[in-house]
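*Asks:* So that we are looking at the same thing, I have put the structure below in structure tokens.
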Amino acid sequence: MSRSMLPHRTSQRSSLASISFRTSLAVFVSMAVLLVAVSGSSARLQTETLVFTNANVIDGLSAQPLSGATIIVSDGKIQRIGTGTLQAPAGAKVIDLKGKYVIPGLIDAHVHINDFEAARRALISGVTTARSMGVSHFVDVGMRKLAAAGKIDSPEILSAGYHVRPRPADALFIDMPELAGLMRSGVRGPDAMREMGRAMLSRGVNWIKTNATARAGLPNTDPREPYYSEAELAALVEEGAKSSIPVAAHAHGDEGGRAAVMAGVRSIEHGTYLSKETLSIMVEKGTYLVPTIAVVSDLTRPGGDYDNPVLEVRGRHMLPRIRETAALAHKLGVKIVAATDTGYGPNSTLRMSQELEELVHVGLSPLQAIQSATVVAAELVGVADHTGKIAAGFDADLIVVERNPLENIGAIHDLLMVVNNGKIVLNRASW
Ligand SMILES: [Zn+2]
């Protein structure tokens with residue numbers, strides 16, 4: 001995750017052995033002074049300096065791990081990474097990883113997190129950044145701010161507010177009675193799309209989420225049913241673009257999905273029944289696909305986020321189809337991003353590791369699967385300037401696993417450590 005301002009720097013500066021480290025530190029300090037001066041902010045997070053040694057680092061880009069690596073972390077950032085003799089700053093906590101594997105913190109590009117406990121569950125499952133794709137009461141906007149200020153242990157949240165759909169949640173009208181004009185007519189037609197889009201923007205969202213088709217997760221809806229025309233969706237995209245805010249479209253059926261792609265949405269969520277033709281247009285336009293395969297397998301089982309006999313039957317025919325579509329999308333060159341589509345509630349059994357395993361099964365290499373949850377996801381959600389890979393100057397968002405996930409992606413099921421913005425939030429590695 002990222003903080004909105006650069007933090008307080010502690011006093012290890014004079015005791016650093018490395019000249020180049022000191023130089024980059026000086027640059028960093030002057031940047032910090034500048035940014036704090038500009039923002040006028042006094043919020044500060046205290047994190048100790050951590051030095052991870054003997055790490056096998058999968059940085060998100062290289063095909064092979066960097067063996068015997070040292071990572072120096074302070075003030076929430078990766079300060080240095082390398083295999084040479086990196087001297088530990090005095091007073092730093094040194095953690096010998098004994099050859100275990102470090103990968104970037106995961107980005108879950110589709111969540112419905114509702115409270116602090118859910119945020120913490122996501123975090124300790126390795127998710128250090130999460131894109132909220134619809135939640136009531138602007139919970140995601142508030143949590144984004146609390147997380148950015150370091151007040152809660154949470155992934156960095158990208159917020160979207162309410163789903164833009166023909167029949168919004170009742171809570172929308174309770175929160176925003178000024179939208180009451182849309183209660184009877186529903187959110188239909190380009191003008192209503194713009195009105196609701198502007199309402200979301202007025203609350204400070206990072207994304208606009210719309211439903212281009214009906215949902216799969218309700219027994220009485222048909223996920224193939226299109227909800228909006230291209231003209232309606234284009235009006236929403238245009239309204240968002242005025243504030244540089246992208247649109248993500250939930251779509252299962254091809255007709256609604258195609259309309260969303262043509263309208264210029266940045267990502268299609270699910271995409272179960274997308275045709276080859278629509279997928280080809282996505283390649284041309286650079287539209288991302290967030291297939292959320294694992295959540296469809298959750299439909300097929302009792303318990304979990306979905307627990308309904310109608311959905312179990314539906315899930316059994318949707319699951320092979322969404323896997324087939326994701327495989328074809330990958331083959332055609334659509335950019336694939338991993339996500340759970342879970343609320344990380346107390347009964348949720350879905351985690352990012354399951355989606356990564358699904359993505360490997362549909363043809364991504366383990367490295368590509370990791371990238372779908374790190375560097376590629378960072379580009380999609382808009383955080384590529386500060387997280388999604390392990391590199392100097394980036395947020396210290398790291399997870400540690402015992403075995404090499406490039407050999408077996410299943411290694412990510414079993415996390416030993418999670419570091420969020422330089423703070424250890426899970427440590428099962430008390431060797
Ligand atoms: Zn969702």
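Readers should treat all values here as calculations from the given coordinates under stated rules, not as data from a laboratory. Since this is a predicted model, take the numbers as computed values, not measurements. No Cβ is skipped: glycine too gets one built from the backbone with ideal geometry, and neighbour counts run over all protein chains shown.
*Asks:* Can you compute 3J(HN,Hα) from phi for each residue in region 353-368, using the Karplus curve 6.51 cos²θ - 1.76 cosθ + 1.60 with θ = phi - 60°, rounded to whole Hz and x for Gly and Pro?
*Replies:* Along region 353-368, the couplings run 4, 5, 5, 5, 5, 4, 5, 5, 5, 8, x, 6, 6, x, 5, 5 Hz.
*Asks:* Answer rounded, prolate or oblate for region 324-431, using the Cα gyration tensor with square roots of eigenvalues a ≥ b ≥ c: rounded when a/c is under 1.5, else prolate when a/b is larger than b/c, else oblate. Provide the component values of the computation, followed by the final result.
*Replies:* Values: a/c = 1.63, a/b = 1.32, b/c = 1.23.
It is prolate, given that a/c is not under 1.5 and a/b is the larger ratio.
*Asks:* Same structure again: Excluding residue 334 itself, what net charge comes from residues whose Cβ is under 15 Å from its Cβ, given Lys and Arg +1 and Asp and Glu -1?
*Replies:* Spelling it out: positives minus negatives among the neighbours equals +1.
*Asks:* Also, quick follow-up: Mind telling me which of 91, 60, 363 comes out most flexible in a GNM of the chain, alpha-carbon contacts under 10 Å?
*Replies:* 91
*Asks:* Still on this structure, please answer the following. Between residue 54 and residue 408, what's the calculated FRET efficiency when r is the beta-carbon distance and R0 is 22 Å? Round to 0.05. Can you show the working numbers first?
*Replies:* Numbers: r = 21 Å, r/R0 = 0.95.
For R0 = 22 Å, the calculated efficiency reads 0.60.
*Asks:* Still on this structure: If one computes the Cα centroid of region 294-369 and of region 223-290, what distance in Å separates the two points?
*Replies:* Result: 19 Å between the Cα centres.
*Asks:* Quick one: check the C-alpha center-to-center distance for region 390-429 versus region 152-214, whole angstrom.
*Replies:* Spelled out, the Cα-based centre of one part sits 35 Å from the other.
*Asks:* Moving on. Per the helix-only calculation at 222 nm, which mean residue ellipticity applies to the chain, given -39500 (n - 2.57) for every DSSP H run of n ≥ 4 and division by its residues, nearest 500 deg cm²/dmol? Intermediate values should be presented prior to the final figure.
*Replies:* Working: 14 runs with 152 residues, N = 431.
Rounded to the nearest 500, the figure is -10500 deg cm²/dmol.
*Asks:* Give me the extension gain from residue 243 to residue 365: residue separation times 0.36 nm, minus the current Cα-Cα distance, reported in nm with one decimal.
*Replies:* Values: separation 122, 0.36 × 122 = 43.92 nm, distance 3.64 nm.
That works out to 40.3 nm of additional length.
*Asks:* Calculate, for residue 312 and residue 98, the FRET efficiency according to 1/(1 + (r/R0)^6) with r their C-beta to C-beta distance and R0 41 Å; round to the nearest 0.05. Kindly include the intermediate steps, with their values, before the conclusion.
*Replies:* Numbers: r = 44 Å, r/R0 = 1.07.
So, using R0 = 41 Å, E works out to roughly 0.40.
*Asks:* Between region 102-132 and region 50-101, what's the alpha-carbon centroid distance in Å?
*Replies:* What the calculation gives is 23 Å, centre to centre.
*Asks:* Please check: in the Gaussian network model of the chain (C-alpha springs, under 10 Å), which one of 196, 262, 183 has the largest mean-square fluctuation.
*Replies:* 183
*Asks:* Which pairs, out of 151/423; 276/331; 93/389; 209/242; 242/389, put more than 19 Å between their alpha-carbon atoms? Walk me through the numbers before you get to the answer.
*Replies:* Working: 151/423 13 Å; 276/331 11 Å; 93/389 22 Å; 209/242 16 Å; 242/389 30 Å.
Long pairs (Cα-Cα over 19 Å): 93/389; 242/389.
*Asks:* Once the Cβ-Cβ distance between residue 225 and residue 428 is put in as r, and R0 is 45 Å, what FRET efficiency do you end up with, to the nearest 0.05?
*Replies:* 0.50
*Asks:* Considering only 310, 411, 218, whose Cα is most displaced toward the positive end of the charge dipole of the chain, charges sitting on Cβ of Lys, Arg (+1) and Asp, Glu (-1)?
*Replies:* Positive-most Cα among the choices belongs to 411.
*Asks:* Let me ask something else. Sorting check: for 334-341, 145-152, which peptide has the highest mean count of neighbouring beta carbons within 10 Å, and how do the rest follow? Display every interim value, and only then the final one.
*Replies:* On the way: 334-341: 26.6, 145-152: 17.2.
So the peptides 334-341, 145-152, ranked by packing, come out 334-341, 145-152.
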